[in-house]
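Beneath this line is the structure, given in structure tokens, with notes to follow.
The values are calculated or read from the model by the stated rules, or taken from the named source; none is laboratory data. Model, not experiment: these values are computed from the prediction. No Cβ is skipped: glycine too gets one built from the backbone with ideal geometry, and neighbour counts run over all protein chains shown.
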Amino acid sequence: MMFPKPYADFAQRLRVPAGFVLLVAFAWLSQPSKFSMEVGLPISILGLLLRAWAAGHLAKNQELATSGPFAYVRNPLYLGTLITAAGLVVAAREVWLVLVFAAVFVLVYLPAIELEEQHLRTIFPGYADYAARIQRFLPVAKWPGATTAFSWALYKRNEEYKALGGFLIAVAWLAWKLR
């Protein structure tokens, strides 16, 4: 484990408060331009699509997700979050936001990911083999036999529509600041 367990536990509890810090920093510091939004928002949409795809394949704590984007990366929801945030930072056109978002990802989300992976190792015997073959964020291999279809029911159960709602609020804010 890269982070000590006590720190990872603490970081896990910081995810929601860190989200509020990111929200305030984004609202305060963003200085969008038409061009920055034209470049950044499509990047964010790709991240949201990845998150949506992953949510439709994730039956949390019931079975090991190895289909859809999980066939290529272990953490497509976090990767989608990272891509969405990167696009919003580009759209916001503020270098300080790059530093704030990167710090939160490294200090809060990476330890949370490690804790989640430890949890998955304890509840799914096949997780160790899966983790040995499929990387966290970089799609370099494909998990064999991953054929489960996308499920709108899982998408809804995982409340992924909330990410879309948050994105739309961020876009509305950027559009308001653009005026």
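Inside region 103-128, residues that are modelled with pLDDT of 90 or more, small (Gly, Ala, Ser) and in contact with a helix residue (DSSP H, G or I) (Cβ under 9 Å, 6 or more places away or on another chain) make up a count of 1.
When each of Val140, Val171 is tested for being of a type in the set (A, V, I, L, M, F, W, C) and not in a helix (DSSP H, G or I), the lone residue that passes is Val140.
For region 32-40, does any single residue satisfy the condition of being surrounded by 22 or more Cβ atoms within 10 Å (Cβ to Cβ) and within 12 Å of the chain's Cα centre (by Cα)? No, region 32-40 contains no residue that is surrounded by 22 or more Cβ atoms within 10 Å (Cβ to Cβ) and within 12 Å of the chain's Cα centre (by Cα). Considering the conditions (1) within 16 Å of Trp173 (Cβ to Cβ); (2) crowded, with 18+ Cβ neighbours inside 10 Å, Thr66 is excluded by exactly one of them, (1). Which one is surrounded by the most Cβ atoms within 10 Å (Cβ to Cβ) among residues in region 145-172 that are over 16 Å from Leu22 (Cβ atoms) and of a type in the set (A, V, I, L, M)? Selected residue: Leu154. Any idea how many residues of region 109-137 are free of Cβ contacts under 8 Å to residues at least 24 places away in the same chain and outside any helix (DSSP H, G or I)? Final tally of qualifying residues: 1. In region 79-108, the residues that are in contact (Cβ under 8 Å) with a residue 60 or more places away in the chain and within 13 Å of Leu23 (Cα to Cα) reach residues that are among the polar types (S, T, N, Q) and in a helix (DSSP H, G or I) with C-beta atoms within less than 7 angstrom, at least six apart or across chains, in these pairs: Leu88/Ser44. If you check Ala59, Ala27, Ala55 for being at pLDDT below 90 and in contact with a Lys or Arg (Cβ under 9 Å, 6 or more places away or on another chain), only one passes: Ala27. Looking only at region 111-121, residues that are more than 17 Å from the chain's Cα centre (by Cα) and over 16 Å from Ala65 (Cβ atoms) come to 1 in all. Checked against the criteria, Leu49 counts as in contact (Cβ under 8 Å) with a residue 24 or more places away in the chain and within 18 Å of Leu164 (Cα to Cα).
Assess whether Leu14 counts as being of a type in the set (A, V, I, L, M, F, W, C), at pLDDT 95 or above and within 19 Å of the chain's Cα centre (by Cα). So Leu14 fails the test.
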